[in-house]
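**Q** Okay, handing you the structure first.
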Amino acid sequence: MKNQATLVYADSQGNILDWPDLEMAGACAGEWEKTVSSELIALPEGSELFLLPDRLPVGYNPDKRRFEVLSQDPFSPGKPVRAVAAFISPAYTHLHSPAYKTNAGAPLLPLFAYTAVGWLNGRFVVPAVRIDRDRRQDFCNFDLKLIERNARRRMQAEGKNRLIQHLGKCALTYGCPAAKNLFMKRWEAPLPSSPECNARCIGCISRQEGTGLCPTQDRIDFVPSPEEISEVAIPHLREAQRAVVSFGQGCEGEPLLQAKTLEHSIQMIRKATARGTINLNTNGSLPDAVERLCRAGLQSIRVSMNSARPQYYEKYFRPKGFNFEQARDSIRVVKAAGGFASINYFVFPGFTDQESEWQSLRKLIAETGLDLIQMRNLNIDPEWYIDLLEVDRKEKKLGMSRLIGMLREEFPDLRLGYFNPSLP
């Protein structure tokens, strides 16, 4: 059996082939790198393969000891080729972006996370690690017929509840895993609540302005009432296994802008049931509002961050009326209230593992007492991200595997994962 993966590419008909003369390569912050066999795993079930428009595949030539661009189809000389990337399943953190050369005038890539992919011993492989053993979003665990039946039944029975109608669309049209789990009556259920936001994130998946990119899902266009929210949350918390309900979803803006609605909702929920976990996914922009929600019964928070370095954080989030310090303070508020605190840490190989990022991250962990880092792959065009943030590509990189190991060694009580946990 071989121990080195080979390059894969797409031909002019969209067929995906491998070219054994070149080894698989990856990229870190735009710099091409060889992949390490020990970091490769079989492409997880439920992952997808993407063909990258106007981007040529790059592999490593072991004989010439150099990276090479595949400019035409080696099996059909003269015919065009395209690079291929993987969009890997939830619970997996990628270690390399795909290696490719972009043609002049190429369009921006849609808002997905792009992972290097190769071919080894009869199967596709990716440089990734399963960062969370929780199987709540594994493809094999979704019963699509049951989801559709339960969603349509609730949408019909609760026709006046706008939030149920919205979540039904999320499950049936967009395939949102959290909405699917709501209708399977298990695990974490979503509670989107805010059509507006106080940040202009460059990678926002529900609203894009002036980029030509299509948001991957519709943003909620109303503020649900506390009654509508509690009608979704209460039965889920009462009945679901490992029950969690979370404000702050990909289909909304910033939930803290609706803090009064959230506060009344949490109070109504906790009057009805003490079971399950109430969580808030947020940019952490309003620490005082977070404090009020904790008094109402909020138990955990997840603050989104692309970087622990304020200058890069603010270039990505482009905040309106807040900054990195307030996001950090929201974590402190929850910990002071005895709650559980995590960050939604947008992983981008070659940037997340830079030496200065590591130093800033370890400082953040020590200052806030973080319980969990959710290492989620950033959905964005890699080159666009590097350019907009003005990333120093030459800064020392630790490597994503080494970074994960260093986190576990220095902070043994810190959890690494992908999902919001159900608390005892």
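**Q** Given the residues Arg65, Arg135, which is the only one that is touching a helix residue (DSSP H, G or I) at 6+ places or on another chain (Cβ under 8 Å) and surrounded by fewer than 16 Cβ atoms within 10 Å (Cβ to Cβ)? Outline the logic, then answer.
**A** Values: Arg65 fails: touching a helix residue (DSSP H, G or I) at 6+ places or on another chain (Cβ under 8 Å).
Unique residue meeting the criteria: Arg135.
**Q** Moving to a separate point now. Quick check on Gly203: is it surrounded by fewer than 19 Cβ atoms within 10 Å (Cβ to Cβ) and of a type in the set (Gly, Ala, Ser)? Reasoning before the result, please.
**A** On the way: surrounded by fewer than 19 Cβ atoms within 10 Å (Cβ to Cβ): no; of a type in the set (Gly, Ala, Ser): yes.
In short, no.
**Q** Still on this structure, please answer the following. Determine if region 121-134 includes at least one residue that is closer than 28 Å to Arg207 by Cα and either of a type in the set (Ser, Thr, Tyr) or part of a loop (DSSP other than H, G, I, E, B) (or both).
**A** Initial filter on region 121-134 (closer than 28 Å to Arg207 by Cα): none.
No, because not a single residue in region 121-134 is closer than 28 Å to Arg207 by Cα and either of a type in the set (Ser, Thr, Tyr) or part of a loop (DSSP other than H, G, I, E, B) (or both).
**Q** Among the residues of region 398-421, is there at least one that is within 24 Å of Gln311 (Cα to Cα) and in a loop (DSSP other than H, G, I, E, B)?
**A** yes
**Q** Let me ask another. Restricted to region 360-373, and to residues that are farther than 18 Å from Gln311 by Cβ and touching a Leu at 6+ places or on another chain (Cβ under 8 Å), which residue is surrounded by the fewest Cβ atoms within 10 Å (Cβ to Cβ)? Give the steps one after another, and end with the answer.
**A** First pass over region 360-373, keeping only residues farther than 18 Å from Gln311 by Cβ: 365-366, 368-373.
Now narrow it down to the ones that are touching a Leu at 6+ places or on another chain (Cβ under 8 Å): 365, 370-373.
Values: Ile365: 19, Leu370: 22, Asp371: 21, Leu372: 22, Ile373: 24.
Checking each candidate, the answer is Ile365.
**Q** Say whether the condition of being of a type in the set (Gly, Ala, Ser) and surrounded by 20 or more Cβ atoms within 10 Å (Cβ to Cβ) is met by at least one residue in region 212-233. Talk me through it step by step, then tell me what you get.
**A** Start the filter on region 212-233 by keeping residues that are of a type in the set (Gly, Ala, Ser), which leaves 212, 225, 230, 233.
Of the ones still in play, those that are also surrounded by 20 or more Cβ atoms within 10 Å (Cβ to Cβ) are 230, 233.
Scanning region 212-233, I find at least one residue that is of a type in the set (Gly, Ala, Ser) and surrounded by 20 or more Cβ atoms within 10 Å (Cβ to Cβ), so the answer is yes.
Here's the yes/no breakdown for (1) touching a residue at least 24 places away in the same chain (Cβ under 8 Å); (2) under 30 Å from Val58 (Cβ atoms):
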residue: Gly118; (1), (2): yes, yes
residue: Arg130; (1), (2): yes, yes
residue: Gln137; (1), (2): yes, no
residue: Glu148; (1), (2): yes, no
residue: Arg153; (1), (2): no, no
residue: Gln156; (1), (2): no, no
residue: Lys160; (1), (2): no, no
residue: Cys170; (1), (2): yes, no
residue: Cys176; (1), (2): yes, no
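**Q** Just to be sure before I move on: is Leu172 on the phi < 0 side of the Ramachandran plot and either among the hydroxyl-bearing types (Ser, Thr, Tyr) or surrounded by 20 or more Cβ atoms within 10 Å (Cβ to Cβ) (or both) in the structure I sent?
**A** Working: on the phi < 0 side of the Ramachandran plot: yes; either among the hydroxyl-bearing types (Ser, Thr, Tyr) or surrounded by 20 or more Cβ atoms within 10 Å (Cβ to Cβ) (or both): no.
Considered against the rule, which asks whether it is on the phi < 0 side of the Ramachandran plot and either among the hydroxyl-bearing types (Ser, Thr, Tyr) or surrounded by 20 or more Cβ atoms within 10 Å (Cβ to Cβ) (or both), Leu172 comes out as no.
**Q** Also, I was wondering about something else. Starting from residues that are of a type in the set (Val, Ile, Thr) and not in a strand (DSSP E or B), keep the ones in region 78-111 and report whichever is farthest from Arg136 (Cα to Cα). Break it down stepwise before answering.
**A** Of all residues in region 78-111, those of a type in the set (Val, Ile, Thr) come to 81, 84, 88, 93, 102.
If we keep only those that are not in a strand (DSSP E or B) too, we end up with 81, 88.
On the way: Val81: 37, Ile88: 15 Å.
Checked region 78-111; the qualifying residue farthest from Arg136 (Cα to Cα) is Val81.
**Q** Kindly indicate whether any position in region 133-143 is farther than 26 Å from Ser422 by Cβ and either within 24 Å of the chain's Cα centre (by Cα) or modelled with pLDDT of 95 or more (or both).
**A** Within region 133-143, not a single residue is farther than 26 Å from Ser422 by Cβ and either within 24 Å of the chain's Cα centre (by Cα) or modelled with pLDDT of 95 or more (or both).
**Q** So, one more: Where residues in region 1-59 are polar (S, T, N, Q) and under 18 Å from Phe87 (Cβ atoms), which of them is surrounded by the most Cβ atoms within 10 Å (Cβ to Cβ)? Outline the logic, then answer.
**A** First pass over region 1-59, keeping only residues polar (S, T, N, Q): 3-4, 6, 12-13, 15, 35, 37-38, 47.
Next, from what is left, pick out any that are under 18 Å from Phe87 (Cβ atoms): 35, 47.
On the way: Thr35: 22, Ser47: 19.
So, considering only residues that are polar (S, T, N, Q) and under 18 Å from Phe87 (Cβ atoms), the one surrounded by the most Cβ atoms within 10 Å (Cβ to Cβ) is Thr35.
For (1) in contact (Cβ under 8 Å) with a residue 24 or more places away in the chain; (2) within 30 Å of the chain's Cα centre (by Cα), each residue gets a yes or a no:
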position: Leu52; (1), (2): yes, yes
position: Val69; (1), (2): yes, yes
position: Asp73; (1), (2): yes, no
position: Gly78; (1), (2): no, no
position: Ala86; (1), (2): yes, yes
position: Pro90; (1), (2): yes, yes
position: His94; (1), (2): yes, yes
position: Ser97; (1), (2): yes, yes
position: Gly105; (1), (2): yes, yes
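**Q** Looking at Ser307, Ser300, can you tell me which residue is of a type in the set (Gly, Ala, Ser) and surrounded by 24 or more Cβ atoms within 10 Å (Cβ to Cβ)? Show your work before the answer.
**A** Values: Ser300 fails: surrounded by 24 or more Cβ atoms within 10 Å (Cβ to Cβ).
Testing whether each residue is of a type in the set (Gly, Ala, Ser) and surrounded by 24 or more Cβ atoms within 10 Å (Cβ to Cβ) leaves just Ser307.
**Q** Can you give me the ranges of the helices (runs of 4 or more DSSP H) entirely in region 297-391 with at least 1 residues that are touching a residue at least 40 places away in the same chain (Cβ under 8 Å), in contact with a helix residue (DSSP H, G or I) (Cβ under 8 Å, 6 or more places away or on another chain) and closer than 24 Å to Thr115 by Cβ?
**A** Numbers: elements: 310-317, 324-336, 355-368, 382-389.
Passing ranges, in order: 310-317, 355-368, 382-389.
**Q** Another question, if that's okay. For the structure I just gave you, tell me whether Glu188 is closer than 21 Å to Ala171 by Cβ, in contact with a strand residue (DSSP E or B) (Cβ under 6 Å, 6 or more places away or on another chain), modelled with pLDDT of 95 or more and acidic (Asp, Glu).
**A** Working: closer than 21 Å to Ala171 by Cβ: yes; in contact with a strand residue (DSSP E or B) (Cβ under 6 Å, 6 or more places away or on another chain): yes; modelled with pLDDT of 95 or more: yes; acidic (Asp, Glu): yes.
Answer is yes for this residue.
**Q** Determine, yes or no, whether Ser246 is under 27 Å from Ser307 (Cβ atoms), small (Gly, Ala, Ser) and out of contact with any strand residue (DSSP E or B) (no Cβ under 7 Å at 6 or more places or on another chain). Let's see the steps before the verdict.
**A** Working: under 27 Å from Ser307 (Cβ atoms): yes; small (Gly, Ala, Ser): yes; out of contact with any strand residue (DSSP E or B) (no Cβ under 7 Å at 6 or more places or on another chain): no.
So Ser246 fails the test.
**Q** Identify all residues within region 250-275 that are crowded, with 24+ Cβ neighbours inside 10 Å and out of contact with any Ser or Thr (no Cβ under 7 Å at 6 or more places or on another chain); write none if there are none.
**A** The one that is crowded, with 24+ Cβ neighbours inside 10 Å and out of contact with any Ser or Thr (no Cβ under 7 Å at 6 or more places or on another chain): Ile266.
The values are calculated or read from the model by the stated rules, or taken from the named source; none is laboratory data. Just so you know, these numbers come straight off a predicted model, no measurement behind them. All Cβ positions, even for glycine, are placed from backbone atoms using ideal geometry, and neighbour counts span all protein chains on display.
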